[in-house]
Amino acid sequence: MYRKEFYVFDQDRPVPAVIRNYEEKDFPGLIRIQQESFPPPFPSELWWNTEQLKNHVTLFPEGALCVEVDGEIAGSMTGLIVDFDPNHPEHTWEEITDNGYIRNHNPNGNTLYVVDIGVRPAYRKLGLGKWLMLSMYEVVVQLGLERLLGGGRMPGYHKKAHEMTAEQYLEAVVKGELKDPVITFLLRCGRTPVQVVANYLEDEESCNYAALMEWKNPFYTTKSEQGE
């Protein structure tokens, strides 16, 4: 199981933090993270419920991470393993994550897929989202998977939708001509764009688009490369 102890910085003050696998006792705190991280217009029915969280810790506990700051649960990240075919990348969040229930988790898959990442607003200046992402990269390496993949919301797109396509918006963010709260964050974490996906999630701010973004495992070797 996963446990990492380190310090985050509140301005110049080091604050002790821990990233670990979440468990049943954490469920109320995890639901609170969702409520604070994804306020309206984000649909409240997409917040975690207890059944989903039980599946996360039962079906794929390695992909259920949370971060504590000074003993207070402040953020979480959840994944599952899927068998991703880059030649057929189109999917919705609901399809690929089993609507957050991850009953389609495939231990023999090639890709760790991000179901969700969220940090409580009061803790957002501490860099916790990036720490969670880097920790999930370590899980990818530990399990010998090919990549980490996920659909990044594009919450700034609705402001530009009348003048550019979603693909043009993503390209402008990658070039640094525009900043997007989620896509720019993912770029800072080392993720790279694969393509834009339409009708990914009911998400007014993103006009239901998402940018599929990956991180490739630098240690990954195929079975043929291993001589098997």
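Does Ala166 satisfy the condition of being surrounded by 14 or more Cβ atoms within 10 Å (Cβ to Cβ), closer than 15 Å to Asn208 by Cα and not assigned by TED's automatic domain parsing to the domain that holds Arg3? Spelling it out, Ala166 is indeed surrounded by 14 or more Cβ atoms within 10 Å (Cβ to Cβ), closer than 15 Å to Asn208 by Cα and not assigned by TED's automatic domain parsing to the domain that holds Arg3.
Do we find a residue being closer than 25 Å to Arg3 by Cβ and among the polar types (S, T, N, Q) anywhere in region 39-54? Yes, that holds for at least one residue.
Picking from residues in region 33-47 that are assigned to a helix (DSSP H, G or I) and within 16 Å of the chain's Cα centre (by Cα), the one that is surrounded by the most Cβ atoms within 10 Å (Cβ to Cβ) is Ile33. Close Cβ contacts (under 6 Å, 6 or more residues apart or on different chains) running from residues in region 93-111 that are assigned by TED's automatic domain parsing to the domain that holds Pro43 and on the phi < 0 side of the Ramachandran plot to residues that are surrounded by 15 or more Cβ atoms within 10 Å (Cβ to Cβ) and part of a helix (DSSP H, G or I) comprise Tyr101/Gln52; Tyr101/Asn55; His105/Leu59. Checked against (1) assigned by TED's automatic domain parsing to the domain that holds Glu62; (2) touching a helix residue (DSSP H, G or I) at 6+ places or on another chain (Cβ under 6 Å); (3) under 21 Å from Asp98 (Cα atoms), Met136 passes all but a single condition, namely (2). Within region 79-86, can one find any residue that is of a type outside the set (S, T, N, Q), surrounded by fewer than 21 Cβ atoms within 10 Å (Cβ to Cβ), out of contact with any strand residue (DSSP E or B) (no Cβ under 8 Å at 6 or more places or on another chain) and without any contact (Cβ under 8 Å) to a residue 24 or more places away in the chain? Checking region 79-86: at least one residue is of a type outside the set (S, T, N, Q), surrounded by fewer than 21 Cβ atoms within 10 Å (Cβ to Cβ), out of contact with any strand residue (DSSP E or B) (no Cβ under 8 Å at 6 or more places or on another chain) and without any contact (Cβ under 8 Å) to a residue 24 or more places away in the chain. Would you confirm whether any residue within region 48-64 is in a loop (DSSP other than H, G, I, E, B), touching a helix residue (DSSP H, G or I) at 6+ places or on another chain (Cβ under 7 Å), touching a residue at least 60 places away in the same chain (Cβ under 8 Å) and within 19 Å of Gly129 (Cβ to Cβ)? So far as region 48-64 goes, yes, one or more of its residues are in a loop (DSSP other than H, G, I, E, B), touching a helix residue (DSSP H, G or I) at 6+ places or on another chain (Cβ under 7 Å), touching a residue at least 60 places away in the same chain (Cβ under 8 Å) and within 19 Å of Gly129 (Cβ to Cβ).
Here region 87-124 is the region considered, the condition is being among the hydrophobic types (A, V, I, L, M, F, W, C) and not in a loop (DSSP other than H, G, I, E, B), and the residue that is nearest to Gln11 (Cα to Cα) is Ala122. Residues in region 97-116 that are modelled with pLDDT of 95 or more, crowded, with 22+ Cβ neighbours inside 10 Å and closer than 25 Å to Ser44 by Cα: Thr97, Ile102, Tyr113, Val114, Val115. Inclusion of Ala64 among residues that are within 15 Å of the chain's Cα centre (by Cα) and not aromatic (Phe, Trp, Tyr) is warranted.
Filtered by the rule that a residue be hydrophobic (A, V, I, L, M, F, W, C), assigned to a helix (DSSP H, G or I) and farther than 11 Å from Gly150 by Cα, region 184-226 gives Phe185, Leu187.
The values are calculated or read from the model by the stated rules, or taken from the named source; none is laboratory data. What you see is a predicted model; the values in this text were computed from it and never measured. Every residue, glycine as well, gets a Cβ built from its backbone with ideal geometry; the counts of neighbours run over all protein chains shown.
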